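Comments concern the structure below.
Bear in mind that the values in this text are calculations on the coordinates, not laboratory data. Because the structure is a prediction, the values reported are computed rather than measured. No Cβ is skipped: glycine too gets one built from the backbone with ideal geometry, and neighbour counts run over all protein chains shown.
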Amino acid sequence: MFSSGSYPLIDFASFDLATPIEYDFIVVGGGTAGCVLASRLSEDPAVSVLLLERGDARRGWATRVPLTSTNFMGDPSAAYRWPASQSVGDARSLSFVTGKGLGGGSSINSMQYTRGFPHEYDLWSQNGNHGWSYADIEHYFKKSEHFTNPPSRSSPAKHHGTQGEWKVRDMGDLYFSTATSCVAACTALGLPYSADLNDPAAPFTMCAKLDCTIDAQGHRSSTFTAFLPPKLAQERKSHLHICTGAAVTNLDFGVDSSGQQFVKGVAFQTNEVGSKVYRALARKEVILCAGAIATPQILLLSGIGPQDCVKKPLRKHLPGVGHNLQDHMAVGIMYSVPTDQSLHIMQTSRLRAMLELFRYIAFGEGMFLSPVTQLSILVDSTLIDDAGRIIQREGDGGQLPDLELMPIHFNYSDPPIDIPVDAGVFSLKVALMRPQSRGTVTLASSDPLERPACNLGFLSNPADYAAMRRGIKLAKRIGEKMRELGAPLKDLYMPESETDADLNAFVRKTVRTTYHYGCTCRMAPEDDSDAGVVNGELKVHGIDRLRIADCSVIPEMMSAHLQAPAVMIAEKCADMVKLEHSI
């Protein structure tokens with residue numbers, strides 16, 4: 001029944017084509033949220049759970065090393081990458097990238113752990129999603145978190161959790177001196193510094209140190225390794241079945257005695273064209289955790305969504321499915337720096353790379369441990385004046401930040417621009433955190449193995465240009481101040497000037513995704529002006545025994561990276577499911 005490898009995976013031969021296996025719960029998608037949900041629902045040995053994941057169980061050494069696991073572009077087993085159905089600038093095509101395999105994005109991302117501001121969740125609640133205020137959900141962050149400070153620091157603050165499965169770490173002192181210079185420049189420009197971005201009392205506009213999902217041994221802590229480690233999966237293999245390489249083709253429906261539709265199970269196949277279709281039944285619920293791209297695709301393939309966009313027959317007209325796609329669009333200005341102030345030294349010096357590898361293996365330190373960035377600069381763009389400087393207004397902390405600037409110690413352009421082989425690069429990323437533009441996810445075809453047609457919608461709302469212009473100007477002021485303070489920065493890749501026209505042109509030429517996709521099955525009333533898909537219990541409107549628990553349910557894009565909110569959503573979903581079914 002199980003594969004012979006060290007990790008217990010159920011194989012396809014276990015599924016009888018004539019008689020589907022029944023489970024209490026079927027979790028579709030073993031990504032950031034799905035691993036958490038499957039782990040929580042299977043805590044009771046009397047509850048049977050099937051976890052279906054289209055990718056593999058990637059467990060090699062390189063998948064645990066922070067630096068190598070983040071460099072996923074050349075590894076087709078780590079991520080899906082396909083062109084967006086949108087061009088910007090001079091017909092430049094953008095790309096979508098999503099995690100592939102157990103752990104999903106948490107297995108390949110930059111490991112930043114950011115919860116978001118309490119006010120964001122309070123807005124969720126105020127807009128009709130009761131039970132989602134920060135007071136309601138903070139304990140779910142703490143439940144999953146196992147936070148550790150460096151030995152030289154005091155005990156973690158009370159808003160951190162220390163008993164959870166997911167390892168979160170204060171990375172200690174800033175690794176690169178250019179990062180230290182960036183903090184000094186920010187404080188000189190009026191941006192206060194915070195040592196803990198996740199402090200609920202932190203101001204909206206600040207320069208803050210990031211926590212990372214890295215364990216005490218220096219390994220990436222994905223939700224796969226944290227919530228479904230081999231020992232746990234082995235202990236639960238009688239009632240938790242994990243099936244990889246399983247592409248869900250559609251949901252199966254039933255109708256109860258009152259005429260109400262419900263989901264009774266799922267159909268799935270291997271990733272090979274023309275392969276057999278298998279089925280599994282859910283006695284209680286099916287929960288979609290396939291992410292903001294694949295979850296709406298599965299709904300559309302199952303007849304749930306806008307009536308003109310679904311694969312027939314239409315099961316439920318829900319206009320919000322696949323709409324409201326949002327992402328943190330970003331650009332980067334770049335400076336040349338000494339090579340030892342950049343991760344590029346690992347490419348230019350084999351000796352240095354070997355030395356850093358030894359440091360990592362022997363002592364758990366050095367560049368192989370260092371995340372691509374340790375700082376986040378969050379800013380409300382209305383506090384940036386036309387010259388790119390922070391407006392100091394007594395007692396005015398501004399609104400939720402709509403910009404994030406991040407110092408990144410390598411070439412941030414996408415696709416990468418040519419730079420000298422021996423050059424070091426320091427980039428200042430400028431990301432729009434609360435965009436007005438919206439994109440879509442639709443079916444490219446009725447073939448479930450084909451990637452969906454996705455339009456990021458970047459810059460479709462002209463209001464986004466204004467915020468990006470302010471962010472670029474502020475980034476340039478930070479770079480100038482860093483130089484004044486002695487940082488060895490030389491202009492490498494910049495807008496032609498700071499006129500609106502040149503800044504707009506630079507944005508169109510360089511804008512890129514940050515892979516933070518959300519909001520495509522948003523949590524809101526069905527008749528909401530932006531078309532809700534799930535209610536406050538994450539149940540799909542009009543369809544029984546079907547929930548969604550991933551970043552697609554986020555009502556509006558957040559001023560935060562999304563992996564911590566995804567885990568919180570899964571934690572809360574697990575508790576709601578357990579309460580309803582008396583588990």
Just to confirm a number: summing +1 for Lys and Arg and -1 for Asp and Glu over residues other than residue 464 whose beta-carbon lies under 12 angstrom from that of residue 464, what do you get? +3
Considering the values (1) -0.47, -0.61, -1.17; (2) -0.40, -0.52, -1.01; (3) -0.62, -0.72, -1.01, which represents log10 I(q)/I(0) by the Debye sum over Cα atoms at q = 0.07, 0.08, 0.11 Å⁻¹ as calculated for the structure under consideration? (2)
What FRET efficiency do you get for residue 544 and residue 312 if R0 is 22 Å and r is their Cβ-Cβ distance, rounded to the nearest 0.05? 0.55
Taking the alpha-carbon centre of each part, the distance from the range 287-316 to the range 535-549 in Å is 13 Å
Which distance in Å, rounded to a whole number, links the C-alpha centroids of the range 441-489 and the range 351-387? 20 Å
Given a Förster distance of 22 Å, the FRET efficiency implied by the Cβ-Cβ spacing of residue 234 and residue 16, rounded to the nearest 0.05, works out to 0.35
Cα-centre dipole for the range 123-250 with unit charges at Cβ (Lys and Arg positive, Asp and Glu negative), debye to 20: 340 debye
Taking neighbour counts of Cβ atoms within 10 Å as a proxy for exposure, in what order, fewest first, do 483, 236 appear? 483, 236
Cβ-Cβ cut-off under 15 Å around residue 188, Lys and Arg +1, Asp and Glu -1: the net charge is +3
Shape call for the range 1-148, from the Cα gyration tensor axes a ≥ b ≥ c (a/c under 1.5 means rounded, otherwise prolate when a/b beats b/c, else oblate), comes out oblate
Taking every other residue with Cβ under 15 Å from the Cβ of residue 556 and scoring Lys and Arg +1, Asp and Glu -1, one gets -4
Of all the stretches in the chain, which is the longest one without any exposed loop site, taking GluC sites (Glu not before Pro) in a DSSP loop (any state but H, G, I, E, B) with at most 14 other Cβ atoms within 10 Å? 44-271
Given the C-alpha centroids of the range 105-133 and the range 209-272, what is the distance between them in whole angstrom? 21 Å
Determine the relative contact order of the chain: mean sequence separation of Cα pairs under 8 Å and six or more apart, normalised by residue count, in whole percent. 20 percent
In this structure, among 209/481; 209/509; 142/481; 264/316, pairs with alpha-carbon gaps over 27 Å are 209/509; 142/481
Under a straight-distance cross-link criterion of Cα-Cα below 18 Å, which aspartates and glutamates are reachable from residue 312, leaving out those fewer than 8 residues away in the same chain? 252, 447, 450
Check each of the trypsin sites (Lys or Arg not before Pro) in the range 255-293 and keep only those in coil by DSSP with at most 15 other C-beta atoms within 10 angstrom; list them in order. 276
Under 8 Å for C-alpha pairs, at least 6 residues apart: give me the relative contact order for the range 237-361, rounded to a whole percent. 13 percent
How high is the relative contact order of the range 409-497, given as a whole-number percent (alpha carbon pairs under 8 Å, six or more residues apart)? 22 percent
So residue 351 and residue 255, fully extended at 0.36 nm per residue minus their Cα-Cα distance, gain in nm 27.9 nm
Applying a 4.7 angstrom Cβ cut-off across the chain, unpaired cysteine residues come out as 35, 182, 212, 243, 289, 309, 454, 519, 521, 551, 573
When we measure straight from the Cα of residue 572, which aspartates and glutamates land under 13 angstrom away, once same-chain ones fewer than 8 places off are left out? 136, 138, 537, 550, 580
